[in-house]
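The values are calculated or read from the model by the stated rules, or taken from the named source; none is laboratory data. These numbers were taken from a predicted model, which means no experiment stands behind them. Glycine gets a Cβ as well: all are built from the backbone with ideal geometry, and neighbour counts include every protein chain shown. These area figures cover heavy atoms from the full protein model, side chains too; ligands, DNA and RNA do not enter into them. Shrake-Rupley method; radii C 1.70, N 1.55, O 1.52, S 1.80 Å.
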Amino acid sequence: MIIATGAEYRRPALANLSQFEGAGVYYTAMPMEAQLCIGEDIIVIGGGNSAGQAAVFLAQTAKRVHMLVRGDGLAATMSRYLIRRIEDNPAIVLRTHTQIVALDGNGHLERVQWRDDRTGDVETKDIRHVFLMTGAVPNTGWLAGCVALDDKGFIKTGQDLSQADLAAARWSLTRPPYLLETSRPGVFAVGDVRGGNIKRVASAVGEGSIAVAFVHQVLQQ
């Protein structure tokens, strides 16, 4: 069995958000996206490590990175070393108690509105790229108690499985789990549903191919 049920990104409640997904709104920050943002103001939403890493990375090519967080800072949700890098980077502006309330554009995102929740003031900005780094929820609710999950609900596989995980699942084989194998022999997980996956289509496709090869090995045993 290969589990490939994916994950759903956490999305803000914006009526036309889906209209701009892939056309100004992104859920990952990779070299391809960075090239789109050269010399422009951009927005990164989120206060966790993934948001911090995205902001630092994108600041290498963007003119300015506006980090929007709903809370009063980053200390409670981000590693200290990332906070220092953000504070030391003049291209990154942290905006606390702030959230996007509207998106607008013709075919591609052209402008946004954000609101300062302390004052209620709303500003309109000509910004064409927004990175939503607010995490994802794996589609694993149906697997509770069946295979080992990490603390965020993603499926643990291969070397990420501890001896305690295998003991709890009553792992019955003398060999350790294969690279993409779960805590149950012959059950594999690939793509966004798997802990440690980099959340890219190419990665998911590659994992699927590898898992099929492992399935054949299991069937031959």
Selected residue (criterion: farthest from residue 130 (Cα to Cα)) from residues of the range 23-40 that are touching a Ser or Thr at 6+ places or on another chain (Cβ under 8 Å) and surrounded by 13 or more Cβ atoms within 10 Å (Cβ to Cβ): 34
Where residues in the range 41-79 are open to solvent by 10 Å² or more (accessible area, probe 1.4 Å), aliphatic (A, V, I, L, M) and not in a loop (DSSP other than H, G, I, E, B), which of them is farthest from residue 97 (Cα to Cα)? 56
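Taking the range 31-46 only, how many residues are under 19 Å from residue 68 (Cα atoms) and either of a type outside the set (Gly, Ala, Ser) or free of Cβ contacts under 8 Å to residues at least 60 places away in the same chain (or both)?
Adding up the residues that qualify gives 9.
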Candidate set from the range 170-191 (those that are surrounded by fewer than 22 Cβ atoms within 10 Å (Cβ to Cβ) and in contact (Cβ under 8 Å) with a residue 24 or more places away in the chain); member that is nearest to residue 216 (Cα to Cα): 186
Please pick out the residue among 211, 144 that is of a type outside the set (S, T, N, Q) and touching a Phe, Trp or Tyr at 6+ places or on another chain (Cβ under 6 Å). 211
Positions within the range 148-164 being open to solvent by less than 50 Å² (accessible area, probe 1.4 Å), touching a residue at least 24 places away in the same chain (Cβ under 8 Å) and either part of a helix (DSSP H, G or I) or under 12 Å from residue 5 (Cβ atoms) (or both), in sequence order: 154, 155
Of those in the range 114-136 that are open to solvent by 70 Å² or more (accessible area, probe 1.4 Å) and closer than 21 Å to residue 20 by Cβ, the residue nearest to the chain's Cα centre (by Cα) is 128
Which condition breaks for residue 72 when tested against (1) under 22 Å from residue 13 (Cα atoms); (2) in contact with a Gly (Cβ under 6 Å, 6 or more places away or on another chain); (3) not β-branched (Val, Ile, Thr)? (2)
Can you tell me how many residues within the range 24-66 are closer than 13 Å to residue 127 by Cβ and of a type in the set (A, V, I, L, M)? 9
List every residue pair whose Cβ atoms lie under 7 Å apart, where the two residues are 6 or more positions apart in sequence or sit on different chains, the first residue falls within the range 117-129 and is under 18 Å from residue 35 (Cα atoms), and the second residue, located anywhere, is assigned to a loop (DSSP other than H, G, I, E, B). 128/24; 128/40; 128/108; 129/24; 129/37; 129/40
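To keep it simple, each residue is scored yes or no on (1) basic (Lys, Arg); (2) under 18 Å from residue 11 (Cα atoms); (3) more than 17 Å from the chain's Cα centre (by Cα).
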residue	(1), (2), (3)
55	no, no, no
96	no, no, yes
100	no, yes, yes
103	no, yes, yes
Starting from the range 5-17, keep only residues that are part of a loop (DSSP other than H, G, I, E, B), then list their pairs with residues that are open to solvent by 60 Å² or more (accessible area, probe 1.4 Å) and modelled with pLDDT of 85 or more whose Cβ atoms are within a distance under 7 Å, requiring at least 6 positions of separation or different chains. 10/137
